[in-house]
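J.: Can you read through this structure? Questions will come right after.
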Amino acid sequence: MTPALRNRRIARTTARRRGEQGLTLIELLLSLAILAILTGFLAGGLSMARRAFGADRAGEIGSETSAAIQTVAALVGSALPVRFDGAGPKDAIGFDGRGEAISFVGLSEGRSLRGGPHRIVLRWSGGDIVADFVPLNGARSKEHPEPAVTRVVVLSGVREIRIGYFGTVDAKVKPAWRADWVRAERLPDLVSIRIEFEDERRNEPATVVALRQG
């Protein structure tokens, strides 16, 4: 091999090795800057996606909770000023209102329950709001002396329930809010229902229900 040919081959090899040496310092800094920008965009997009998902989920939870609370309010609003055996004194109606439970007579439209009057007990039990439905005109026998009870869990995850009653049991006394309504001859005018949940996102203002006196 001639010296000239050897020199040309060495020059080509040297040039190829120089091109394979890697990035310069400026190229490396530019690459890191671009990577940081892309990472910021990605993190921002993920954060927006999480917020959007959280907002959608909160809206869904709020809608479900509102519907359930309206169901509770509709149940209480169906109370009738009637009495039944075992309700208490002769002139007292079958309405027993306490701070965490309420019992009254309501009518079923005959959809999921047998039609007719039912004794409805709405109470807080073990973190749930439970509704018990007992037909007042149900058939009884020796094998089943007590009417069947239909139990429905209306709301779950409840930390506390507070029920208040507005009205008067004596015509000489002005109507006022009371902590209970027991053995009265008439229904309260209003019932306030305040429900607090373990998940504070579900909390809503108290619901006030007006009752029909006749």
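J.: Which members of segment 154-179 meet the condition of being out of contact with any Pro (no Cβ under 8 Å at 6 or more places or on another chain) and assigned to a loop (DSSP other than H, G, I, E, B)? Walk me through how you get there before you give the answer.
T.: Keep residues of segment 154-179 that are out of contact with any Pro (no Cβ under 8 Å at 6 or more places or on another chain), which gives 154-164, 169-177, 179.
Passing the criteria: S156, G157, V169, D170, A171, K172, V173, K174, P175, A179.
J.: Suppose the filter is assigned to a loop (DSSP other than H, G, I, E, B), modelled with pLDDT under 95, within 29 Å of the chain's Cα centre (by Cα) and aliphatic (A, V, I, L, M); does L113 pass it? So that I can check it myself, show each step before the final result.
T.: Working: assigned to a loop (DSSP other than H, G, I, E, B): yes; modelled with pLDDT under 95: yes; within 29 Å of the chain's Cα centre (by Cα): yes; aliphatic (A, V, I, L, M): yes.
The answer is yes for L113.
J.: Could you tell me how many of the residues in segment 186-205 are within 17 Å of L122 (Cβ to Cβ) and in contact with a helix residue (DSSP H, G or I) (Cβ under 6 Å, 6 or more places away or on another chain)?
T.: Within segment 186-205, residues that are within 17 Å of L122 (Cβ to Cβ) and in contact with a helix residue (DSSP H, G or I) (Cβ under 6 Å, 6 or more places away or on another chain) number 1.
J.: Another one. Identify all residues within segment 70-109 that are in a strand (DSSP E or B) and at pLDDT 75 or above; write none if there are none. Walk me through it before giving the result.
T.: Taking segment 70-109 and keeping what is in a strand (DSSP E or B), we get 96-97, 101-108.
Those that are in a strand (DSSP E or B) and at pLDDT 75 or above: D96, G97, A101, I102, S103, F104, V105, G106, L107.
The values are calculated or read from the model by the stated rules, or taken from the named source; none is laboratory data. Quick caveat: nothing in here was measured; it's all calculated off a predicted structure. With ideal geometry, Cβ positions are generated from the backbone for all residues, glycine too; neighbour counts draw on all protein chains shown.
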